[in-house]
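Note sheet for the following structure.
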Amino acid sequence: MYTARGKIDQGDMLAEYYPLVRRQALTLQVRLPASIELDDLIQAGTVGLLEAMGRFDSSQGASFATFASQRIRGAMLDELRNRDWLPRSVRRNARAVDEAVRRLEQHLGRPAEETEIAAELDMDLATYRQLLNDTNSGHLLPFEALLAEGVEPGVADATMDTPYKQLIDQQKRQQLVEGIEALPEREKLLMALYYQEELNLKEIGVVMGVTESRVCQLHSQAVSRLRSRLAEQGDEED
(Lines give C-alpha, C1' and ligand atoms only; values in the text may rest on other atoms or scores of the structure.)
Protein backbone atom coordinates (compact mmCIF):
# COMPACT_ATOMS: atom_id res chain seq x y z
CA MET A 1 0.00 0.00 0.00
CA TYR A 2 3.03 2.26 0.15
CA THR A 3 5.32 3.42 -2.66
CA ALA A 4 9.09 3.09 -2.60
CA ARG A 5 9.21 6.54 -0.99
CA GLY A 6 6.96 5.46 1.87
CA LYS A 7 3.86 7.31 0.65
CA ILE A 8 0.41 5.80 0.54
CA ASP A 9 -0.44 4.31 -2.85
CA GLN A 10 -3.90 5.77 -3.43
CA GLY A 11 -4.82 3.24 -6.08
CA ASP A 12 -4.18 0.29 -3.80
CA MET A 13 -5.92 1.98 -0.86
CA LEU A 14 -8.98 2.85 -2.95
CA ALA A 15 -9.23 -0.73 -4.13
CA GLU A 16 -8.86 -2.11 -0.61
CA TYR A 17 -11.35 0.22 1.06
CA TYR A 18 -13.94 0.54 -1.72
CA PRO A 19 -15.98 -2.33 -0.20
CA LEU A 20 -16.15 -0.34 3.05
CA VAL A 21 -17.41 2.73 1.16
CA ARG A 22 -20.05 0.67 -0.63
CA ARG A 23 -21.12 -1.10 2.58
CA GLN A 24 -21.65 2.20 4.41
CA ALA A 25 -23.53 3.63 1.41
CA LEU A 26 -25.88 0.65 1.32
CA THR A 27 -26.49 0.92 5.07
CA LEU A 28 -27.52 4.56 4.68
CA GLN A 29 -29.51 4.16 1.47
CA VAL A 30 -32.09 1.76 2.88
CA ARG A 31 -33.12 4.44 5.38
CA LEU A 32 -33.33 7.35 2.94
CA PRO A 33 -35.81 8.63 0.34
CA ALA A 34 -35.79 6.73 -2.97
CA SER A 35 -34.49 9.86 -4.69
CA ILE A 36 -31.06 9.35 -3.09
CA GLU A 37 -28.91 7.34 -5.48
CA LEU A 38 -26.44 4.77 -4.20
CA ASP A 39 -23.80 6.06 -6.62
CA ASP A 40 -24.06 9.56 -5.12
CA LEU A 41 -23.41 8.20 -1.63
CA ILE A 42 -20.50 6.10 -2.89
CA GLN A 43 -19.01 9.13 -4.64
CA ALA A 44 -19.26 11.21 -1.47
CA GLY A 45 -17.80 8.36 0.58
CA THR A 46 -14.90 8.01 -1.85
CA VAL A 47 -14.11 11.69 -1.36
CA GLY A 48 -14.11 11.05 2.39
CA LEU A 49 -11.74 8.13 1.89
CA LEU A 50 -9.35 10.28 -0.15
CA GLU A 51 -9.43 12.94 2.57
CA ALA A 52 -8.69 10.26 5.16
CA MET A 53 -5.62 9.21 3.20
CA GLY A 54 -4.34 12.77 3.21
CA ARG A 55 -5.05 13.49 6.88
CA PHE A 56 -4.36 10.21 8.67
CA ASP A 57 -1.80 10.51 11.45
CA SER A 58 -0.78 7.15 12.90
CA SER A 59 0.68 8.89 15.97
CA GLN A 60 -2.86 9.67 17.19
CA GLY A 61 -3.41 6.03 18.07
CA ALA A 62 -6.43 5.19 15.89
CA SER A 63 -6.11 2.65 13.09
CA PHE A 64 -6.50 3.85 9.51
CA ALA A 65 -9.57 1.64 9.08
CA THR A 66 -11.32 3.34 12.02
CA PHE A 67 -10.28 6.82 10.90
CA ALA A 68 -11.32 6.16 7.30
CA SER A 69 -14.66 4.71 8.36
CA GLN A 70 -15.50 7.88 10.31
CA ARG A 71 -14.55 10.18 7.45
CA ILE A 72 -16.38 8.10 4.85
CA ARG A 73 -19.62 8.22 6.86
CA GLY A 74 -19.08 11.88 7.67
CA ALA A 75 -18.66 12.74 3.99
CA MET A 76 -21.90 10.91 3.15
CA LEU A 77 -23.78 12.75 5.91
CA ASP A 78 -22.38 16.06 4.68
CA GLU A 79 -23.68 15.23 1.20
CA LEU A 80 -27.12 14.47 2.60
CA ARG A 81 -27.27 17.66 4.67
CA ASN A 82 -26.11 19.80 1.77
CA ARG A 83 -28.81 18.58 -0.59
CA ASP A 84 -31.79 20.82 -1.19
CA TRP A 85 -34.44 18.14 -1.64
CA LEU A 86 -37.56 20.20 -1.07
CA PRO A 87 -39.11 23.14 -2.93
CA ARG A 88 -39.04 26.46 -1.07
CA SER A 89 -42.81 26.39 -0.61
CA VAL A 90 -42.60 23.04 1.17
CA ARG A 91 -39.75 24.28 3.37
CA ARG A 92 -41.82 27.34 4.28
CA ASN A 93 -44.70 25.07 5.24
CA ALA A 94 -42.35 22.90 7.32
CA ARG A 95 -41.15 25.98 9.19
CA ALA A 96 -44.76 27.01 9.73
CA VAL A 97 -45.49 23.62 11.29
CA ASP A 98 -42.44 23.95 13.56
CA GLU A 99 -43.57 27.40 14.70
CA ALA A 100 -47.16 26.25 15.26
CA VAL A 101 -45.99 23.26 17.31
CA ARG A 102 -43.70 25.49 19.35
CA ARG A 103 -46.46 28.02 20.12
CA LEU A 104 -49.00 25.38 21.00
CA GLU A 105 -46.77 23.29 23.22
CA GLN A 106 -45.51 26.35 25.08
CA HIS A 107 -49.12 27.37 25.69
CA LEU A 108 -50.52 23.90 26.44
CA GLY A 109 -47.58 22.52 28.40
CA ARG A 110 -47.99 19.17 26.63
CA PRO A 111 -47.59 17.69 23.13
CA ALA A 112 -50.15 19.21 20.80
CA GLU A 113 -52.68 16.95 19.08
CA GLU A 114 -52.80 16.73 15.29
CA THR A 115 -56.17 18.43 15.19
CA GLU A 116 -54.83 21.28 17.34
CA ILE A 117 -51.82 21.80 15.07
CA ALA A 118 -54.02 21.75 11.98
CA ALA A 119 -56.36 24.31 13.55
CA GLU A 120 -53.41 26.52 14.52
CA LEU A 121 -52.33 26.44 10.86
CA ASP A 122 -55.91 27.20 9.75
CA MET A 123 -56.21 24.04 7.66
CA ASP A 124 -58.25 20.85 7.83
CA LEU A 125 -56.73 17.61 9.05
CA ALA A 126 -56.43 16.07 5.57
CA THR A 127 -54.50 19.09 4.28
CA TYR A 128 -52.22 19.06 7.31
CA ARG A 129 -51.46 15.36 6.86
CA GLN A 130 -50.65 15.90 3.20
CA LEU A 131 -48.26 18.67 4.24
CA LEU A 132 -46.56 16.21 6.58
CA ASN A 133 -46.19 13.74 3.70
CA ASP A 134 -44.69 16.46 1.50
CA THR A 135 -42.12 17.52 4.06
CA ASN A 136 -41.18 14.08 5.33
CA SER A 137 -38.88 13.20 2.41
CA GLY A 138 -36.43 15.79 3.70
CA HIS A 139 -36.33 14.34 7.22
CA LEU A 140 -35.71 10.63 6.77
CA LEU A 141 -32.09 10.87 7.79
CA PRO A 142 -29.79 8.79 9.95
CA PHE A 143 -29.61 9.67 13.65
CA GLU A 144 -26.34 11.57 13.19
CA ALA A 145 -27.85 13.79 10.50
CA LEU A 146 -30.93 14.50 12.61
CA LEU A 147 -28.60 15.32 15.49
CA ALA A 148 -26.67 17.78 13.31
CA GLU A 149 -29.71 19.69 11.98
CA GLY A 150 -29.37 23.34 12.82
CA VAL A 151 -25.71 23.18 13.79
CA GLU A 152 -23.64 25.94 12.23
CA PRO A 153 -21.13 24.73 9.63
CA GLY A 154 -17.74 24.14 11.16
CA VAL A 155 -19.03 23.88 14.73
CA ALA A 156 -19.77 20.18 14.71
CA ASP A 157 -18.43 18.78 11.46
CA ALA A 158 -19.27 15.09 11.39
CA THR A 159 -15.87 14.30 9.91
CA MET A 160 -13.89 16.01 12.68
CA ASP A 161 -13.12 14.50 16.06
CA THR A 162 -12.11 17.31 18.41
CA PRO A 163 -12.91 17.69 22.13
CA TYR A 164 -15.17 20.68 21.35
CA LYS A 165 -17.01 18.76 18.66
CA GLN A 166 -17.43 15.82 21.04
CA LEU A 167 -18.84 18.14 23.71
CA ILE A 168 -21.31 19.72 21.27
CA ASP A 169 -22.37 16.29 20.03
CA GLN A 170 -22.84 15.00 23.57
CA GLN A 171 -24.94 17.99 24.58
CA LYS A 172 -27.13 17.85 21.46
CA ARG A 173 -27.48 14.09 21.70
CA GLN A 174 -28.69 14.40 25.30
CA GLN A 175 -31.15 17.13 24.31
CA LEU A 176 -32.40 14.97 21.46
CA VAL A 177 -32.83 11.94 23.72
CA GLU A 178 -34.78 14.07 26.19
CA GLY A 179 -36.89 15.42 23.34
CA ILE A 180 -37.72 11.91 22.13
CA GLU A 181 -38.69 10.91 25.69
CA ALA A 182 -41.15 13.82 25.76
CA LEU A 183 -42.90 12.74 22.53
CA PRO A 184 -46.38 11.20 22.56
CA GLU A 185 -46.10 7.43 23.04
CA ARG A 186 -46.96 6.58 19.43
CA GLU A 187 -44.32 8.89 18.01
CA LYS A 188 -41.78 7.76 20.61
CA LEU A 189 -42.34 4.15 19.50
CA LEU A 190 -41.91 5.14 15.87
CA MET A 191 -38.62 6.91 16.55
CA ALA A 192 -37.33 3.93 18.54
CA LEU A 193 -38.23 1.53 15.73
CA TYR A 194 -36.61 3.75 13.11
CA TYR A 195 -33.47 5.01 14.84
CA GLN A 196 -32.74 2.18 17.31
CA GLU A 197 -34.21 -0.96 15.73
CA GLU A 198 -33.42 0.40 12.23
CA LEU A 199 -36.67 -0.80 10.69
CA ASN A 200 -37.79 0.70 7.38
CA LEU A 201 -41.09 2.52 6.97
CA LYS A 202 -42.97 -0.52 5.69
CA GLU A 203 -41.79 -2.64 8.63
CA ILE A 204 -42.72 0.10 11.10
CA GLY A 205 -46.18 0.27 9.55
CA VAL A 206 -46.67 -3.46 10.15
CA VAL A 207 -45.57 -3.16 13.79
CA MET A 208 -47.78 -0.15 14.45
CA GLY A 209 -50.73 -1.36 12.39
CA VAL A 210 -50.82 1.70 10.09
CA THR A 211 -50.01 2.45 6.46
CA GLU A 212 -46.54 3.46 5.29
CA SER A 213 -47.96 6.89 4.44
CA ARG A 214 -49.19 7.28 8.00
CA VAL A 215 -45.73 6.36 9.30
CA CYS A 216 -44.31 9.18 7.15
CA GLN A 217 -46.81 11.63 8.61
CA LEU A 218 -46.09 10.65 12.19
CA HIS A 219 -42.33 10.76 11.61
CA SER A 220 -42.54 14.24 10.10
CA GLN A 221 -44.65 15.44 13.02
CA ALA A 222 -42.22 13.95 15.54
CA VAL A 223 -39.25 15.61 13.83
CA SER A 224 -41.12 18.94 13.90
CA ARG A 225 -41.66 18.56 17.66
CA LEU A 226 -37.98 17.75 18.15
CA ARG A 227 -36.77 20.69 16.08
CA SER A 228 -39.08 23.00 18.01
CA ARG A 229 -37.81 21.67 21.32
CA LEU A 230 -34.15 21.96 20.31
CA ALA A 231 -34.73 25.50 19.02
CA GLU A 232 -36.39 26.46 22.30
CA GLN A 233 -33.48 25.05 24.29
CA GLY A 234 -31.06 26.91 22.03
CA ASP A 235 -32.90 30.18 22.74
CA GLU A 236 -32.68 29.54 26.49
CA GLU A 237 -28.89 29.03 26.24
CA ASP A 238 -28.31 32.26 24.30
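Grab the beta carbon distance between L125 and R92, set R0 = 25 Å, and tell me the FRET efficiency rounded to 0.05.
The calculated FRET efficiency here is 0.80.
Can you give the accessible area of R229 in Å² (nearest 10), computed on protein heavy atoms with a 1.4 Å probe?
80 Å²
Put K172, K202 in order of accessible area, largest first, 1.4 Å probe: what do you get?
Sorted descending by solvent-accessible area, the residues read K202, K172.
Any chance you could run the full-extension gain for D12 through V207? It's 0.36 nm times the residue separation minus the Cα-Cα distance, nm to one decimal.
Gain in length upon complete extension: 65.7 nm.
Would you mind getting me the FRET efficiency between E181 and E113? Use the beta-carbon distance for r and R0 = 22 Å, nearest 0.05.
Efficiency computed from Cβ-Cβ geometry: 0.70.
Using a 1.4 angstrom probe on the protein heavy atoms only, could you order M208, M191, M123 from most to least accessible area?
M123, M208, M191
Report ³J(HN,Hα) in whole Hz for each residue of region 206-223, in order, from the Karplus equation J = 6.51 cos²θ - 1.76 cosθ + 1.60 where θ = phi - 60°; Gly and Pro get x.
Whole-Hz 3J(HN,Hα) from phi for region 206-223: 5, 4, 8, x, 10, 6, 4, 4, 5, 4, 4, 4, 5, 5, 4, 5, 5, 4.
For Y17, tell me the accessible area in Å² from a 1.4 Å probe, rounded to the nearest 10.
Near enough 30 Å² of accessible area.
The values are calculated or read from the model by the stated rules, or taken from the named source; none is laboratory data. Quick caveat, the model's predicted, so the values are computed rather than measured. No Cβ is skipped: glycine too gets one built from the backbone with ideal geometry, and neighbour counts run over all protein chains shown. These area figures cover heavy atoms from the full protein model, side chains too; ligands, DNA and RNA do not enter into them. Shrake-Rupley method; radii C 1.70, N 1.55, O 1.52, S 1.80 Å.
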